[in-house]
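Below: one structure, written as structure tokens.
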Amino acid sequence: MTHIDHIGIIVADLERAVEKLAALFGPATIKELPDVGLRVAEFQAANITIELLQYRGEAAFARQVMGERLGLNHISARVADTDRAVGELKRSGFEPMAGFPRQGAHGRVAFFHPDPVSGLLFEVCQGD
């Protein structure tokens with residue numbers, strides 16, 4: 001059975017979003033990912049991580065991967081081996097984005113081009 005590791009939500013103001021959602025999910029952990037131009041806040045719920053993402057500066061790589069739209073952005077499945085999962089998904093017709101796999105906020109990750117049927121932006125991640 002596939003384990004959903006986290007959902008990613010793009011926000012305009014990370015501090016305000018964290019303050020608002022802390023009432024629902026408790027305290028957040030903040031991560032800085034300057035190499036891709038992101039600030040990330042993570043809330044740990046019982047069954048999933050809620051990841052808030054705010055672009056920093058130009059954030060060219062992050063914007064290229066995740067786009068400009070605020071709100072629910074992507075779903076990430078946890079895998080034991082990112083490279084193997086990418087190979088299997090490619091054989092099933094999924095197309096990984098350029099620059100992946102690479103190190104991300106949740107270990108080794110790979111994003112795939114949005115599915116033309118559902119519009120879903122999908123990621124796999126291999127935990128640290």
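The values are calculated or read from the model by the stated rules, or taken from the named source; none is laboratory data. These numbers come from a predicted model, not from an experiment. So basically every Cβ, Gly included, is an ideal-geometry build from the backbone, and we count neighbours across all protein chains shown. Just the protein is used for accessible areas: all its heavy atoms, side chains included, with ligands, DNA and RNA removed. Shrake-Rupley method; radii C 1.70, N 1.55, O 1.52, S 1.80 Å.
What pairs come out if I take residues in the stretch 87-111 that are without any contact (Cβ under 8 Å) to a residue 24 or more places away in the chain and open to solvent by 40 Å² or more (accessible area, probe 1.4 Å) and pair them with residues that are of a type outside the set (Phe, Trp, Tyr) and not in a loop (DSSP other than H, G, I, E, B) whose C-beta lies under 9 Å away, six or more apart or interchain?
Lys90/Pro96; Glu95/Leu89; Ala98/Gln64; Arg102/Arg108; Arg102/Val109; Arg102/Ala110; Gln103/Val109
Are there any pairs with C-beta distances below 7 angstrom linking a residue in the stretch 114-128 that is closer than 18 Å to His3 by Cβ and in contact (Cβ under 8 Å) with a residue 12 or more places away in the chain to a residue that is surrounded by fewer than 17 Cβ atoms within 10 Å (Cβ to Cβ) and of a type in the set (A, V, I, L, M, F, W, C), with the two at least 6 apart or on different chains, and if so which?
Going by the 7 Å Cβ cut-off, the qualifying pairs are Leu120/Ile75; Phe122/Ile75; Val124/Ala77; Gln126/Ala80.
State all residues of the stretch 23-39 that are open to solvent by less than 40 Å² (accessible area, probe 1.4 Å) and farther than 17 Å from Ala62 by Cα; if no residue qualifies, say none.
Result: Gly26, Ala28.
Would the stretch 50-64 turn up any residue that is open to solvent by 20 Å² or more (accessible area, probe 1.4 Å) and under 25 Å from His3 (Cβ atoms)?
Within the stretch 50-64, none of the residues are open to solvent by 20 Å² or more (accessible area, probe 1.4 Å) and under 25 Å from His3 (Cβ atoms).
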